[in-house]
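The values are calculated or read from the model by the stated rules, or taken from the named source; none is laboratory data. On a predicted model such as this, the values are computed, not experimentally measured, just so you know. All Cβ positions, glycine included, derive from the backbone under ideal geometry; neighbour counts span all protein chains shown. All accessible areas refer to the heavy atoms of the entire protein, side chains included, with ligands and DNA or RNA removed. Shrake-Rupley method; radii C 1.70, N 1.55, O 1.52, S 1.80 Å.
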Amino acid sequence: MRKIIVTVAPVCHVGKTIPSGSKNPLTPEEIAQDTIRCYEAGACEVHLHTRDLQGQPTFELDVFRQTIGMIREKTDMIVQGSTGGLSTLTLEQRCVSLDVPEVEVASLNVGSVNFGETVYVNTMPELRYWMKRMDETHTVPELEVFDLSHVECASRLADEGVLRRPLHYNVCVGPGNSSNLSATGRNLAMMTALMEQGTSWGVTHDSMHDFSLLACAIGMGASAVRVGFEDSFYYAPGQTAAHNYELVERLVKLIRLMGCEPATPEEARKMQHIG
């Protein structure tokens, strides 16, 4: 059967409204426990940001390492770090997760984009810097693309030798009122039409109210889909999860109904050319 990578991003964005009845994990123990239950439900990868005990972005790695350590005690999940985030962190601070050996994959935002009333800045020199750091730490980049130009930008960086092929894209779509691409099959089709042959891709749907776009992406050939409180608490209109693993359980059920199977961590490492 075709294998689908299920990634969970368990920690809600700072400032996002948390629905009544939903428990956003913040402490290392809470995040690790929720992530382990996501693994048991079928997730093979976890996307983590560096946070302090109040859930604020930080470049201090003690809490991050502690969280990963507890996850690794119980699972062999792929740990994905980040070089992103709307914050006041410096260029170097945004990629400190690469200094943790357990981080095997890291998000790399391939260009700037308007987010609401502000701008999410990712310049070309910054991309080259973060990719150099990934090379030094033997970390595989997941290319976060928010716009059609970002797809072609990744190809140009590969031609420069900054990125190594095959490329792994993650198409980031949203509610449409935050200046990023709306979550439609048409937009997915336009993005994937520009991708190189031999690449793989997944999707992240920010502020989703149901799993319809994830199902659309799987039907279009996506090899990875993501859920978690960083993106949304909803799995159906008006229906929210109390814990992240509930989203994973429902997504895995959907994947199997579509004739596919969730990938194991070992299978996902091969699919993403890790190691």
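The combined condition, being of a type outside the set (Val, Ile, Thr), more than 22 Å from residue 24 (Cα to Cα), open to solvent by less than 30 Å² (accessible area, probe 1.4 Å) and at pLDDT 95 or above, is not fulfilled by residue 221. Looking only at region 39-54, decide whether some residue is of a type in the set (A, V, I, L, M, F, W, C), closer than 29 Å to residue 200 by Cβ and surrounded by fewer than 20 Cβ atoms within 10 Å (Cβ to Cβ). No: zero hits.
Does residue 161 fit the bill of being touching a helix residue (DSSP H, G or I) at 6+ places or on another chain (Cβ under 9 Å), modelled with pLDDT of 95 or more, farther than 16 Å from residue 230 by Cα and not basic (Lys, Arg)?
So residue 161 fails the test.
Residue check: residue 91 meets all listed conditions (1) open to solvent by 10 Å² or more (accessible area, probe 1.4 Å); (2) closer than 21 Å to residue 16 by Cβ but one, namely (2). Restricting region 107-134 to residues that are open to solvent by less than 20 Å² (accessible area, probe 1.4 Å) and aliphatic (A, V, I, L, M) leaves a set whose member that is modelled with the lowest pLDDT is 113. Counting just the residues of region 55-70 that are open to solvent by 80 Å² or more (accessible area, probe 1.4 Å) and over 18 Å from residue 14 (Cα atoms), which one comes out modelled with the lowest pLDDT? Step by step, filter region 55-70, then rank; the result is 62. Against the condition surrounded by 14 or more Cβ atoms within 10 Å (Cβ to Cβ), hydrophobic (A, V, I, L, M, F, W, C), over 20 Å from residue 251 (Cβ atoms) and touching a strand residue (DSSP E or B) at 6+ places or on another chain (Cβ under 8 Å), how does residue 14 come out, does it pass? Yes. In region 17-38, of all residues being open to solvent by less than 50 Å² (accessible area, probe 1.4 Å) and among the hydroxyl-bearing types (Ser, Thr, Tyr), the one that is farthest from residue 64 (Cα to Cα) corresponds to 22. Condition (residue is on the phi < 0 side of the Ramachandran plot, open to solvent by less than 30 Å² (accessible area, probe 1.4 Å) and touching a helix residue (DSSP H, G or I) at 6+ places or on another chain (Cβ under 8 Å)) applied to region 174-181: is it met by at least one residue? Among the residues of region 174-181, not one is on the phi < 0 side of the Ramachandran plot, open to solvent by less than 30 Å² (accessible area, probe 1.4 Å) and touching a helix residue (DSSP H, G or I) at 6+ places or on another chain (Cβ under 8 Å), which makes the answer no. Annotation: residue 154 fulfils all but one of (1) touching a residue at least 40 places away in the same chain (Cβ under 8 Å); (2) more than 25 Å from residue 13 (Cα to Cα); (3) in contact with a Gly (Cβ under 7 Å, 6 or more places away or on another chain); the unmet one is (3). Filter region 43-89 down to the residues that are part of a loop (DSSP other than H, G, I, E, B) and aliphatic (A, V, I, L, M), then identify the one that is farthest from residue 143 (Cα to Cα). Looking at the filtered set, the residue picked out is 53. If you go through region 256-275 and pick out every residue that is crowded, with 23+ Cβ neighbours inside 10 Å and either closer than 25 Å to residue 16 by Cα or β-branched (Val, Ile, Thr) (or both), you end up with 0.
Only a single item in (1) at pLDDT 95 or above; (2) in contact with a Ser or Thr (Cβ under 7 Å, 6 or more places away or on another chain); (3) open to solvent by 10 Å² or more (accessible area, probe 1.4 Å); (4) over 26 Å from residue 194 (Cβ atoms) is not met by residue 137, and it is number (2).
Count of region 219-251 residues, restricted to those that are within 24 Å of residue 189 (Cα to Cα) and of a type in the set (S, T, N, Q), is 2.
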